[in-house]
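First up is the structure itself, then whatever we jot down about it.
The values are calculated or read from the model by the stated rules, or taken from the named source; none is laboratory data. This structure is a prediction, so every number in the text was calculated from the model and none was measured. Cβ placement follows ideal geometry from the backbone for every residue including glycine, while neighbour counts extend to all protein chains displayed.
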Amino acid sequence: MTDLDPGDAAVIAAVPEQVAGYVTAVGGARLCRFGTCVGYRYEGQVVLVGYPLHDPRDEVAMAAAVDQALALPGLRRITVLGPARPPQAPPNAVEVRDRYVGLTVPLRPGAKLRNLLRRAAREVAVTSGQECTADHTALIARYLDERAFDAGTRHIFGCIARYVRSVSSARVVSARRTDGRLAGFAVGEFASRHTAFYMFSFRNADLAPPGCADLLLARLLEEAAARGQTYMNLGLGVNAGVAFFKRKWAAEPFLPYVDVSWDLRAPSLRTRIGRLLGISK
């Protein structure tokens, strides 16, 4: 394991977790390298991004990186994000599966989407910048108040303004009504040479016209094309509504996502006895 210059991974990143500026802004962990993968270390824990930099589908290289991470002294817990379940994971490891979907850049939307974009553009104006202002953070707070999210997601959303401030590769595209009120905004990440990332999107249901979120994505796609990037990673399916939005754009899956976590600490005698008696997990 050696410390890694954050830019080395970011310029060839295929998934957003390989962009260290984003991860360290929201998590405060230290970037490390394990074989041909990057990872983040903090307080006896490692989050290993098991998508090898040379080939994000190389499961053999992923497993070799997991071996390196497991050899760290004092490691208490490991999380592996990768294209498959690592062979080292015990049967009781916690596992979540999804898939990354994306779009080829440049992209010409179909007639139905173009009509939707034109309609939205008549009601809101879209601008691009590099900061989250008070109305952006207020919209995030409203979004969190109106929806149920796990603690990890809430923490990440709460760090968006800091993330945008701390890296030069993030862009905020904002849709405003004619009176200046914020109808919605989205955040794109452009650190990678070939791949852009659709990071976050929020809208004010009281102000956003139909197609507002689509108009924001279209602006991010234009930004990616202007930078010479050839692909946009739209992220994971997350839920039915998010998946529907991405299908509307004809996004296609391109990488499996398998999130596996397990504890390396040996269970105490009391815990082992409890398991045998069926009174402890």
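For the range 232-253, a residue qualifies if it is at pLDDT below 80 and more than 15 Å from the chain's Cα centre (by Cα), and the qualifying residues are A240, G241.
Can you tell me how many residues in the range 203-248 are of a type in the set (A, V, I, L, M) and farther than 25 Å from A10 by Cβ?
Of the range 203-248, the ones of a type in the set (A, V, I, L, M) are 205, 207-208, 213, 215-218, 220-221, 224-226, 232, 234, 236, 238, 240, 242-243.
Filter again for farther than 25 Å from A10 by Cβ, leaving 205, 207-208, 213, 215, 240, 243.
Adding up the residues that qualify gives 7.
Quick one: is A175 over 23 Å from V19 (Cα atoms) and touching a strand residue (DSSP E or B) at 6+ places or on another chain (Cβ under 8 Å)? Spelling it out, A175 is indeed over 23 Å from V19 (Cα atoms) and touching a strand residue (DSSP E or B) at 6+ places or on another chain (Cβ under 8 Å). Restricting T195, T153 to those that are within 19 Å of the chain's Cα centre (by Cα), more than 14 Å from L139 (Cα to Cα), surrounded by 18 or more Cβ atoms within 10 Å (Cβ to Cβ) and not basic (K, R) reduces the list to T195.
Among the residues of the range 216-241, those identified as touching a strand residue (DSSP E or B) at 6+ places or on another chain (Cβ under 8 Å) and either among the aliphatic types (A, V, I, L, M) or part of a helix (DSSP H, G or I) (or both) are L216, L217, R219, L220, L221, E223, A224, M232, L234, L236, V238.
Output the residues belonging to the range 157-213 that are part of a helix (DSSP H, G or I) and among the aromatic types (F, W, Y).
Going residue by residue through the range 157-213, those that are part of a helix (DSSP H, G or I) are 157-158, 160-166, 212-213.
Result: F157, Y163.
Against the test of being touching an Asp or Glu at 6+ places or on another chain (Cβ under 7 Å) and modelled with pLDDT of 95 or more, the options L75, L81, L103 yield a single qualifying residue, L81.
Only one of the numbered conditions (1) farther than 26 Å from L81 by Cβ; (2) among the charged types (D, E, K, R); (3) out of contact with any strand residue (DSSP E or B) (no Cβ under 7 Å at 6 or more places or on another chain) is violated by R247, and that is (1).
One line per residue, one yes/no per condition, for (1) closer than 21 Å to G235 by Cα; (2) assigned to a helix (DSSP H, G or I); (3) in contact with a helix residue (DSSP H, G or I) (Cβ under 7 Å, 6 or more places away or on another chain):
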{"position": "A120", "(1), (2), (3)": "no, yes, yes"}
{"position": "V126", "(1), (2), (3)": "no, no, yes"}
{"position": "T137", "(1), (2), (3)": "no, yes, yes"}
{"position": "T153", "(1), (2), (3)": "yes, yes, no"}
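Looking only at residues in the range 161-182 that are among the aliphatic types (A, V, I, L, M) and touching a residue at least 60 places away in the same chain (Cβ under 8 Å), the one that is nearest to T195 (Cα to Cα) is A170. Evaluate the range 109-127: report whether one residue or more is under 22 Å from the mean Cα position of the chain (by Cα) and either loosely packed, with under 13 Cβ neighbours inside 10 Å or not aliphatic (A, V, I, L, M) (or both). No, because not a single residue in the range 109-127 is under 22 Å from the mean Cα position of the chain (by Cα) and either loosely packed, with under 13 Cβ neighbours inside 10 Å or not aliphatic (A, V, I, L, M) (or both).
Of the residues making up the range 37-58, none is loosely packed, with under 14 Cβ neighbours inside 10 Å, out of contact with any helix residue (DSSP H, G or I) (no Cβ under 8 Å at 6 or more places or on another chain) and at pLDDT 95 or above.
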